[in-house]
Amino acid sequence: MQRISQGTEKAYLEKCRDQRELFMEGKPVDPGIVPKVVYNSWVRSQRYGVDPFEKPCHHPIDKSKSKELSRFIECLERYNFFIKQALELIDYQGFTFTFSAKESLTKHIYDDLGSPFANLIGECSERTVGTNATAIALAENVPVALVSSLSYQYWPAENGVNTAAPIHNHQGEVMGGIHIGLKDIKRTQDAFWLVTYLAQVFDRLYLPMTQKHEKKIKDIIDLLPQGVAYINNKKSIHYNEKFQTLVNLSKGKNSLKKVSEFFSQEDWTSIFACQEIKADGKTLIINSNSLDYEDFETSKIFIVEEKQSLTQRLQENSQGSKTTVGLYSFDDIVGNNAELNEAKSIGLNVAGTSVPVLIFGENGTGKEMFAQAIHAASPRREKPFIAINCGAIPAELVESELFGYEEGSFTGALKGGKIGKIEAASGGTLFLDEIESMPVQDQIKLLRVISTGKVQKVGSTKEIPVDIRLISATKKDLLEESDKGLFREDLYFRISTFIIELPALRQRREDILLLTKEFISKFSRKYGLEQTVEMAQEFVEALENYSWRGNVRELEHSIERAIILMGAGLTLKVDYLSKRIQESYQNYQVKGLVEDVLAKGLKKQEQGLLYTAEAMIIDHVLKSVGGNVTAAAEKLGVTRKTIYNKLQEHPDLRVVK
């Protein structure tokens, strides 16, 4: 998945507006603020001649697209039941909901923002309105979230966010998109994951538009994770296996009678009904809708799902749960350093168990990478891997994020409550990064979860059994933190059955060149470089003799910077590195010269060491700039006249002009 929106803070939104203005003025924009796909869309919109200062307006369908319009209307009618259920899931105020075809035909199905486009069908493409969330989702085939200030036709009075996700036909081809627009930009993440989930549900429910495919339709419905049943005129019922399992139907039982009992006569005759019921100890969410518009009162489709599984699927999507797809493995950890290989060996040995692991290492050493590799090599690999950075969450929110909460447990609690990360990780692995930042009161609750295997939500008296593999990570000595009263000693011994220490990059200098080549290959692919990239000797020496306080992460960012600054060239030079690394390399060179002077000075006493060192440094700098006195003076921080005077003082240097 690809999030186009990089943030919703006021400062970020202002930066987006500033970057858009720079683009309109024909000036370069910052790729760190404007994602590449947005910039490319701006360029296309400009090429299409879209007026960026025109207020967004309705664009009627061209007569030449009458066939596409007919197909689109037929699609809307066929999936009306899905659209109505989707609207029931959107528990927001101030939103718009649109449905689009791949030809960018769009219908504004719901709009409570006072937009003039409600219930209209029009064309919403880059050619008509420029950059917008739906157009990018269809073009890139990924869900997106786009703040209004990144839209091509931005209207200052309209501040909000637009989320969109592509939907697909039975061949996996993009056939359209779903869009949710919000005025409340703080709910960007919720809207993004909801529109993504709805698109996934649509893909599973997709029915071929052509007729006479009953067998194919039945096969598809049987594969759905939801229970689906169709009741015709209260006389016959057809359902898939999932429905039979959820409502506990058995052969010989009057299934039609049992299903009819789920709804009152009033619910049965309504166009749409949605309610929760208790059945055999389970809470089921049942949605019903008409499939026969000529006799909708008696012909019904039912979609049934267990409440917990539905909520958990939404929550796991929003929390970034992963199985082995997209996770690192031990094969991805590059290096020949002995300490690193020892850490990998320990990780492989403990992967087959469920004992807690504590990973210790400085920032940028790859602690989460190791945690993912352990999960990917474990029997839990097909279950969720859920990561949480304890230092990135405000202290007052850690409890609700980790343990979840019940509806109404505090002001602002979501309707239906929220599943915590611990519960969402059940069956899989929970990774707690920067665990030293966890508030002490939450450490107590975590200790109880580890001890009992049960979690209790905020505002609940019920304990829920969980089965997690805990991997923690820290850059601090937790026993020292315990002595300061900042970390519980009993929790430390619970989470540190195995301790894996990751070496800093300065302790594994033999791996720097190996990692550099790996990153060059990675960024060459990213930026479309077809020819082999070479490295100047000075570039390599600068990397190998730098302290790397940010470890592997800093090295990776430095190589990406160098690749970008190299432009159309094919050789990475020391000039492409950051000022800090260049200064470090200059210090390394001077240190080498001083050592050389000291070595020569012991053998040759007729001249002072300072005199010899001065000559060698000037000689080295002049050679590095090809004899350019002006450049040498600038590098040494002196005037040209000083350089010429020194050339007179040192006869051996006079050959250099």
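The values are calculated or read from the model by the stated rules, or taken from the named source; none is laboratory data. None of these values were measured; they are calculated from a predicted model. Ideal geometry is used to build each Cβ from the backbone, glycine not excepted, and the neighbour counts take in all protein chains shown. Side chains are part of the model used for accessible areas, which takes the heavy atoms of the whole protein and leaves out ligands, DNA and RNA. Shrake-Rupley method; radii C 1.70, N 1.55, O 1.52, S 1.80 Å.
Scan segment 57-105 for residues that are under 26 Å from the mean Cα position of the chain (by Cα) and assigned to a strand (DSSP E or B) and report the count.
6
Results for (1) in contact (Cβ under 8 Å) with a residue 40 or more places away in the chain; (2) open to solvent by 30 Å² or more (accessible area, probe 1.4 Å); (3) on the phi < 0 side of the Ramachandran plot, shown as yes or no for each residue.
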| residue | (1), (2), (3) |
| --- | --- |
| HIS375 | yes, no, yes |
| PRO379 | no, yes, yes |
| ILE386 | yes, no, yes |
| GLU396 | no, yes, yes |
| SER426 | yes, yes, yes |
| GLU436 | yes, no, yes |
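Take LEU565 and decide whether it is assigned to a helix (DSSP H, G or I), buried (at least 19 other Cβ atoms within 10 Å of the Cβ) and not β-branched (Val, Ile, Thr).
The answer is no for LEU565.
Looking only at segment 440-459, which residues are on the phi < 0 side of the Ramachandran plot and small (Gly, Ala, Ser)?
Once the filter is applied, which keeps residues that are on the phi < 0 side of the Ramachandran plot and small (Gly, Ala, Ser), segment 440-459 yields only SER451.
Tell me, yes or no, whether segment 409-418 has at least one residue that is β-branched (Val, Ile, Thr) and touching a helix residue (DSSP H, G or I) at 6+ places or on another chain (Cβ under 8 Å).
No, the conditions are met nowhere in segment 409-418.
Restricting attention to segment 428-454, which residues are within 15 Å of THR474 (Cα to Cα) and assigned to a strand (DSSP E or B)?
LEU430, PHE431, LEU432, ASP433
Of the numbered conditions (1) open to solvent by 50 Å² or more (accessible area, probe 1.4 Å); (2) under 18 Å from ALA473 (Cα atoms); (3) not in a helix (DSSP H, G or I), LEU358 fails exactly one; give the number of that condition.
(1)
How many residues does segment 57-73 contain that are open to solvent by 80 Å² or more (accessible area, probe 1.4 Å), of a type in the set (Lys, Arg) and either under 29 Å from ARG20 (Cβ atoms) or modelled with pLDDT under 80 (or both)?
1
Looking at segment 542-552 only, could you name the residues that are in contact with a helix residue (DSSP H, G or I) (Cβ under 7 Å, 6 or more places away or on another chain) and not aromatic (Phe, Trp, Tyr)?
Residues satisfying the conditions are ALA542, LEU543, GLU544, ASN545, SER547, ASN551, VAL552.
Given (1) in a loop (DSSP other than H, G, I, E, B); (2) open to solvent by 60 Å² or more (accessible area, probe 1.4 Å), identify the lone condition not met by GLU342.
Unmet condition: (1).
Tell me, yes or no, whether segment 404-415 has at least one residue that is surrounded by 14 or more Cβ atoms within 10 Å (Cβ to Cβ) and outside any loop (DSSP other than H, G, I, E, B).
yes
All but one of (1) within 31 Å of the chain's Cα centre (by Cα); (2) part of a helix (DSSP H, G or I) hold for LEU529, so report the exception by its number.
Only one criterion is unmet by LEU529, namely (2).
Give the residues of segment 12-56 that are modelled with pLDDT under 85, under 27 Å from the mean Cα position of the chain (by Cα) and open to solvent by 60 Å² or more (accessible area, probe 1.4 Å), sorted by residue number.
GLU14
At pLDDT 90 or above and either under 30 Å from LYS367 (Cβ atoms) or in a helix (DSSP H, G or I) (or both), is that true of ASP575?
yes
When segment 74-110 is examined, which residues are found to be open to solvent by 70 Å² or more (accessible area, probe 1.4 Å) and either more than 30 Å from GLY417 (Cβ to Cβ) or of a type in the set (Ser, Thr, Tyr) (or both)?
GLU74, GLU77, ARG78, LYS102, TYR110
When the residues of segment 345-355 are narrowed to those that are open to solvent by 20 Å² or more (accessible area, probe 1.4 Å) and either without any contact (Cβ under 8 Å) to a residue 60 or more places away in the chain or not β-branched (Val, Ile, Thr) (or both), which ends up farthest from GLU480 (Cα to Cα)?
Only one residue fits best here, namely GLY352.
Based on what the data block shows, is LEU486 open to solvent by less than 70 Å² (accessible area, probe 1.4 Å) and either in the same structural domain as ASN336 (by the TED database) or touching an Asp or Glu at 6+ places or on another chain (Cβ under 9 Å) (or both)?
no
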